[in-house]
Each structure stands twice: as C-alpha cells, then as structure tokens.
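One structure, pasted below without further comment.
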Amino acid sequence: MALQTQASRRWRSPCVRSSVFQPCISTNFHYLPGTDWQPRPETEFAALHDLAIQEERWIIEGSYSRLMPQRLVRSTGVIVITSNSWLRFLRYLKRTLANQPDRAGSLQRAKDRIKWRMVYWILFKSRNSNLEYAKFLQEFGLPTVECHTAAALNNLYRTWGLPVPR
C-alpha cells in the first residue's frame, strides 16, 4: 500500500511498471469519470476500494482516511510520501494548468481546473496530515517507509533500483 498525502505523484509510474502489483488510484474510485470531480456515492466508493484490496497484490495511491482501517488490515507495508504544503500547492497549480489528460492520477475524461476547495485543502486542511498519519500508522505496526523530501524519494528510487524520474 502506498499512502500519498497530496505529495508528488511522480513515484507511481516507475514503481508500478517495475512491480507485480495491481495499481489502484483511489481518485478514480472516489470521483465519477468524465465529471468535474463529482464524488461517487460513499457506498459505491467504499465498494470499489474494498474490491481492489481483495486482490492478492495491490498498491493504492491516496489516503482517504475513512477507508484506511480495512486497507491497513490487508497491507504488508506502507510508503508515506509527504511534502511541504506550499510545494504541494505549486505542483497542484502546475499539473492543473498543464491539464494533461494522460497524467498519472488524472480523472478519466475530465478537464482539470483550479478548485478553491482544493487550494484550501492543500494549504490549510491537510497541512498537518503527515503527523496524524504517522501516529495512526504507528498503531498498526506495519513496516513503513516515509519520504518527506524529493531527495528522500530519489534515494528510495536508487535503493530499490528504480529509475529516478526527471
């Protein structure tokens, strides 16, 4: 399981390509494809999530803390990728303004637009989420790798023999 708290999603492609895991992007479970980021009904979202973690091997990107307990029960480890909220905000602006439909983590058949709700989430609401997740994960006792900087993430790539993205 990979827990990513609004950090760079650049880890996903090489990590998934080099593994035997079934990649799952929780954004695509949570939002309806082809919409302006309209959430699915909660029961449908939870059902898609729970179905994905029934696979023998999987990686799920995204936190969605309300679904974390059942995910952690089936996890063998966690990768936590976090970063400074201002850096997350700048990356959000960059990926939204670039609007690349084939971008990892993009919503299928949807056009990216800057959302004030997302700006608020990145800069204020989720500012200390990495501390909350660290405490929560410690209670589960799973092997956990944490990356809080780009340098730490690049070092993880090298340690695991993965190509460092540019």
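Each value in this text was obtained by applying a stated rule to the coordinates, not by laboratory testing. Predicted, not measured: the structure shown is a model, and the values here were computed from it. Cβ atoms come from the backbone with ideal geometry, glycine included; neighbour counts cover every protein chain shown.
Please express the shape of the range 47-95 as an equivalent ellipsoid: the semi-axes are the square roots of 5 times the eigenvalues of the C-alpha gyration tensor, given largest first in whole angstrom.
Equivalent ellipsoid semi-axes, largest first: 26, 12, 10 Å.
Between M118 and E146, 0.36 nm times their residue separation minus their Cα-Cα distance comes to what?
This chain segment gains 7.7 nm when fully extended.
Also, quick follow-up: Amide H neighbours of V80 under 5 Å, at least 5 residues apart or on other chains, H built in the peptide plane: list them.
Counting only residues 5 or more places away or on other chains, the set is L3, V145, E146, C147.
If a/c stays under 1.5 just call it rounded; otherwise compare a/b with b/c (prolate if a/b is bigger, oblate if not). Do that for the range 36-136, with a ≥ b ≥ c from the square roots of the Cα gyration tensor eigenvalues.
Oblate.
Counting other C-beta atoms within 10 Å, and keeping those with at most 12, which DSSP coil chymotrypsin sites (Phe, Trp or Tyr not before Pro) do you find in the range 64-166?
Here the chymotrypsin sites (Phe, Trp or Tyr not before Pro) that fit, given the DSSP loop and packing criteria, are W160.
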